[in-house]
Amino acid sequence: MDDEREPEPRPAGRRIDMTSLKGLAHPLRVQILDALSVYGPQTASGLAERLGESSGSTSYHLRQLARHDFVREIPGRGSGRDRWWERPPGGIELDSRALPDTAAARAASDLVEWEWERQRQALFHDFIRRRDQELPKEWVDSNMVSTMNAQLTAEQLREVVDEIEGVMQRFLERHRDQRNNPVPGSRPVQFQFNAFPVMDGVEEPKESE
């Protein structure tokens, strides 16, 4: 009999509702959440230094993010004002279709998505600018900057996105404990994958049934 293994469980994702969206929709809160995602646990003072803000400001916004379960304090690490914070495991999904069709919801959603994109592009541009001067050859050689074009239906695009996401989630789950227990030679890495229909392209008409 074939040994059919159960698929590895994927970490539960977080779908943002309107209440939590209001708690996230501030540029500095998005930056804090992104910094914890990229660099791992941080203190308010460490975040302040990284983001060019005051520790009082980052401390306040960390507490607001914690109210909506976007971040959590690490028990037993640090003391007094030296509190450590982390992002709970699992993805975050912002689906505008699940939000109220109001101007406030659209504005908050746009702010969060724009700030996410701004942070992604800043990291990518920083990598392009500094990689050859500051990274060892093995790190320069291990990255991939690639653009691929295709002619797909919406269903085919969804299929390839699901397959790629599944591969990435299985790989990251195997190495998830390295966030809090880094192994020698590791460093923060970000994967950026964009898949989208070209807005000025033309959708081919479907055959009539």
Give the residue that is farthest from Pro89 (Cα to Cα), with candidates limited to residues of the range 60-76 that are assigned to a helix (DSSP H, G or I) and either without any contact (Cβ under 8 Å) to a residue 24 or more places away in the chain or not polar (S, T, N, Q) (or both).
Tyr60
Which listed residue, of Val160, Val202, is outside any loop (DSSP other than H, G, I, E, B) and free of Cβ contacts under 8 Å to residues at least 40 places away in the same chain
Val160
Under 30 Å from Ile74 (Cβ atoms) and either in contact with a helix residue (DSSP H, G or I) (Cβ under 6 Å, 6 or more places away or on another chain) or not assigned by TED's automatic domain parsing to the domain that holds Arg77 (or both): does that describe Arg158?
no
(1) more than 23 Å from Arg120 (Cβ to Cβ); (2) assigned by TED's automatic domain parsing to the domain that holds Glu155; (3) part of a loop (DSSP other than H, G, I, E, B); (4) without any contact (Cβ under 8 Å) to a residue 40 or more places away in the chain all hold for Ser186 apart from (1)
Please enumerate the residues belonging to the range 97-107 that are surrounded by 14 or more Cβ atoms within 10 Å (Cβ to Cβ) and either touching a Ser or Thr at 6+ places or on another chain (Cβ under 7 Å) or not in a helix (DSSP H, G or I) (or both).
Leu99
Any residue that is in contact with a strand residue (DSSP E or B) (Cβ under 6 Å, 6 or more places away or on another chain) and under 24 Å from Arg120 (Cβ atoms) - is there at least one of those in the range 44-59?
no
Consider Asn180 carefully, then state whether it is exposed (fewer than 12 other Cβ atoms within 10 Å of the Cβ), touching a residue at least 60 places away in the same chain (Cβ under 8 Å) and not in a helix (DSSP H, G or I).
yes
Scan of the range 77-96 for residues that are under 15 Å from the mean Cα position of the chain (by Cα) and assigned to a loop (DSSP other than H, G, I, E, B), ordered by number:
Arg87, Pro88, Pro89, Gly90, Gly91, Leu94, Asp95
One residue from Leu99, Leu62 being modelled with pLDDT under 95 and either hydrophobic (A, V, I, L, M, F, W, C) or farther than 20 Å from Arg120 by Cα (or both)
Leu99
So, Leu157, is that one at pLDDT 90 or above and farther than 28 Å from Pro89 by Cβ or not?
no
Filtered residues of the range 108-144 (kept if in contact (Cβ under 8 Å) with a residue 12 or more places away in the chain and assigned to a loop (DSSP other than H, G, I, E, B))
Asn143
How many residues, within the range 13-41, are at pLDDT 90 or above, charged (D, E, K, R) and within 15 Å of Ser96 (Cβ to Cβ)?
2
Does at least one position in the range 30-37 carry a residue that is touching a helix residue (DSSP H, G or I) at 6+ places or on another chain (Cβ under 6 Å), free of Cβ contacts under 8 Å to residues at least 12 places away in the same chain, surrounded by 16 or more Cβ atoms within 10 Å (Cβ to Cβ) and of a type in the set (A, V, I, L, M)?
no
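The values are calculated or read from the model by the stated rules, or taken from the named source; none is laboratory data. What you see is a predicted model, and the numbers here were worked out from it, not measured in a lab. Methodologically, a virtual Cβ is constructed for each residue, glycine included, from the backbone with ideal geometry; neighbour enumeration extends over all protein chains shown.
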